[in-house]
Amino acid sequence: MTIEAAAPAPALAPAGTSPRRRSVPPRERAVGGVSQVVLVAGVIVVALPFLWTVMSSFKTSREIFASPFAPPTQLNFVNYVNAWTQAGIGTFFVNTLIVVGGALVLTMVLGAMCAYYLARFEFRGNRVIYWLMVAGLTFPIFLAIVPLFFILKGIGLLGTLPGLAITYAAFALPFTVFFLVPFFKELPRSVTEAAQIDGAGEWRTFFSVMVPMAMPGLSTVAILNFVGLWNQFLLPVALNTDSHKYVLTQGMASFASQAGYSIDFGALFAAVVMTVLPVLIVYLVFQRALSGSIAIGTDK
């Protein structure tokens with residue numbers, strides 16, 4: 001009878017000493033250092049101009065020209081009042097909310113329905129429609145200005161906010177469908193089959209089952225569409241010539257193009273801050289949904 005020797009117990013680290021850290025290879029250390037440098041440089045490039053704009057929005061035009069990078073002597077909130085009232089930013093802001101809000105609702109409803117049908121149903125011409133949507137992403141928008149002008153004029157919507165909202169929705173629809181088709185394809189078909197067994201029709205299944213399950217993807221594409229539509233400039237300049245119906249990008253261009261040094265630069269910087277703030281607020285509010293959709297995409 002032989003007795004096997006017991007395996008030696010692992011040596012314990014002396015009391016008061018920390019466990020040895022894994023040595024990082026020099027190549028990984030170099031890549032990490034370069035990545036951090038690039039990240040810090042990107043933050044500086046993005047953050048400094050915005051911080052300088054916010055700082056300048058509290059200064060008078062004389063202070064801006066005298067010392068552009070010096071902090072304001074006092075917080076001059078009158079610039080925001082002047083930008084909102086005298087420069088008409090308040091009116092432009094409301095017009096932009098109407099146009100972008102209407103276009104976003106129209107885009108998300110039509111885009112989600114189209115993407116769901118292309119992803120879950122097989123029919124003749126399915127791939128043709130999908131690739132036509134993808135081709136719409138590559139079509140230069142300035143080539144469609146003249147046809148859009150005559151189409152809107154023919155239906156009596158040229159120079160109106162509803163006409164601009166419909167144009168915005170058509171502009172954003174290809175990207176929405178392209179983004180959501182793969183997302184709807186990944187949703188489990190067992191849930192759809194269970195809903196059909198319970199007697200739910202296609203409309204009930206889509207709105208009550210599929211849309212809640214696809215909410216992370218819908219939230220992400222809604223944020224991206226909001227940012228793109230909010231900053232749209234070419235379409236309103238060409239199709240919205242009524243100064244009383246200007247959106248923010250048009251109003252800012254008109255305000256900044258005033259002659260000579262008569263521009264109230266403090267109010268101009270305040271208008272820029274008010275234009276940027278809604279985008280930042282929307283991103284901060286829906287940041288968790290955006291991060292969640294990215295995590296779901298990587299898990300799949």
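Read-outs throughout are calculated quantities, based only on the coordinates presented, and are distinct from any laboratory measurement. None of the values given here were measured: they were computed from a predicted structure. Glycine gets a Cβ as well: all are built from the backbone with ideal geometry, and neighbour counts include every protein chain shown.
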| message | If packing is taken as the average count of other Cβ atoms within 10 Å, what order do 238-249, 31-42 fall into, highest mean first? | response | 238-249, 31-42
| query | For the range 88-167, rounded, prolate or oblate, judged on the Cα gyration tensor with a ≥ b ≥ c (square roots of eigenvalues), a/c < 1.5 rounded, else prolate if a/b > b/c? | reply | prolate
| query | What FRET efficiency, computed as 1/(1 + (r/R0)^6) with R0 = 30 Å and r the Cβ-Cβ distance, is obtained for PHE233 and ARG124, rounded to the nearest 0.05? | reply | 0.15
| query | What ranking, highest mean first, results for peptides 49-60, 167-178 when packing means the other Cβ atoms within 10 Å averaged over each residue? | reply | 167-178, 49-60
| query | Name the residues of the range 117-145 whose amide N is less than 17 Å from a point 7 angstrom out from the Cα of ARG189 along the C-beta direction? | reply | 117-124, 126-127
| Given 4 °C and 1.567 mPa s, how large is the Stokes-Einstein diffusion coefficient of the range 140-197 in µm²/s, with Rh as the Kirkwood radius over Cα pairs? | 91 µm²/s
| task | Report the extension gain between MET215 and SER257 in nm, rounded to one decimal, defined as 0.36 nm multiplied by the number of residues separating them, less their alpha carbon distance. | result | 10.9 nm
| task | For every helix of n ≥ 4 consecutive DSSP H residues, a contribution of -39,500 (n - 2.57) applies; sum these over the chain, divide by its total residues, and give [θ] at 222 nm rounded to the nearest 500 deg cm²/dmol. | result | -22000 deg cm²/dmol
| Gain on full stretching of the segment that runs from VAL279 to THR85 - 0.36 nm per residue minus C-alpha separation | 67.7 nm
| request: Among (1) 46, 22, 18; (2) 46, 37, 17; (3) 38, 30, 17, find the value of semi-axes √(5λ) of the Cα gyration tensor in Å that was calculated from the structure presented, and write down its label. | output: (2)
